[in-house]
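Report on one structure; see the data block that follows.
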Amino acid sequence: EDFKKAFESQVKKALKKLHVSYAKLAFDFTTEPFYGKTRNLYVFNTPKDVKYNGEFKFATVCLIIRNKEIPLMALPVKVCEGIAKPTIELLEYCQTLFKKIRFAVFDRGYYVDELIDYLEAEKIRYLILVPEKKGVIKEYVETTKELGKYPHKMRYAKNKSVWKPKTTIVVCKGIDDFAWIFATNIQFKTRVEYIWHYKRRWQIETNYRVEDEANIKSKSTHYLIRYFYFLIGLLFHMLWIVNKYLHYYVPFKKYLDIIEQKM
């Protein structure tokens, strides 16, 4: 809680300097490698073809602004809790930062009933990439020629109750060799609009590569220590982007050198 509050205070200062009141958000989760036999609620097993045998996972949210993504927060993910719980917590946090969330973009790992139920209840516009599965999703794809929109019912159980959220499955074909499938409550007129808005989240992958330059190497098995180090990397990245917009541009690695010299 202390780490989150400290990071939040820096985020609020950055948003104030950038004069941002309305948000376009991108969500993702990333991993930090772990070497060792120790296991706990925060260390995930990895496939045999991966060179390290464990990993920490962090759910992240970024602000899409001026073709860049500014990290707003990250949360450690537990092995047993799935992606919906930390993502909803991040959404609740973001609603305290902005007057309104204009829309949120998610990768295919976020096609989860509970998360969609929350987004619909909070009337947050969203775009989630849907993995092509068997059954009704496959039928939607086969039925579509170029652009298809299909009302879709979902179902999940929680707290001894059954919930039935509704969404719209949008299928876009003819742009690439594969079909783009989205769960959304946004009504665009063309296929290009759906794909263009989704691709805006791709900058987040570049962010991870940039933040690796500020990565504090550690073999610690304690998730709080690894979480703290991960937040420090996000903090440097956020401050670098703010500095670039308000003062001058330097490469991220040079910016880290400047900070080191000043300290």
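The values are calculated or read from the model by the stated rules, or taken from the named source; none is laboratory data. Because the structure is predicted, anything quoted here is derived from the model rather than measured. A quick note on method: Cβ atoms are made from the backbone with ideal geometry, for glycine too, and the neighbour counts reach across all protein chains shown.
Couple of notes before you dig in:
- Per-region count, the range 248-263, residues aliphatic (A, V, I, L, M) and either surrounded by fewer than 11 Cβ atoms within 10 Å (Cβ to Cβ) or over 18 Å from residue 215 (Cα atoms) (or both): 2
- Just one of the numbered conditions (1) of a type outside the set (D, E, K, R); (2) at pLDDT below 95; (3) touching an Asp or Glu at 6+ places or on another chain (Cβ under 8 Å) is not true of residue 91: (2).
- Residue among 120, 89 that is farther than 30 Å from residue 38 by Cα and part of a helix (DSSP H, G or I): 120
- Strands (runs of 3 or more DSSP E) wholly inside the range 136-223 that include at least 1 residues being at pLDDT 95 or above: 147-153, 166-172, 180-184
- Residue 72 vs. criteria within 16 Å of residue 22 (Cα to Cα), assigned to a helix (DSSP H, G or I), modelled with pLDDT of 95 or more and not aromatic (Phe, Trp, Tyr): no
- Being of a type in the set (A, V, I, L, M), in a strand (DSSP E or B) and surrounded by 16 or more Cβ atoms within 10 Å (Cβ to Cβ) is a condition met by at least one residue of the range 24-39.
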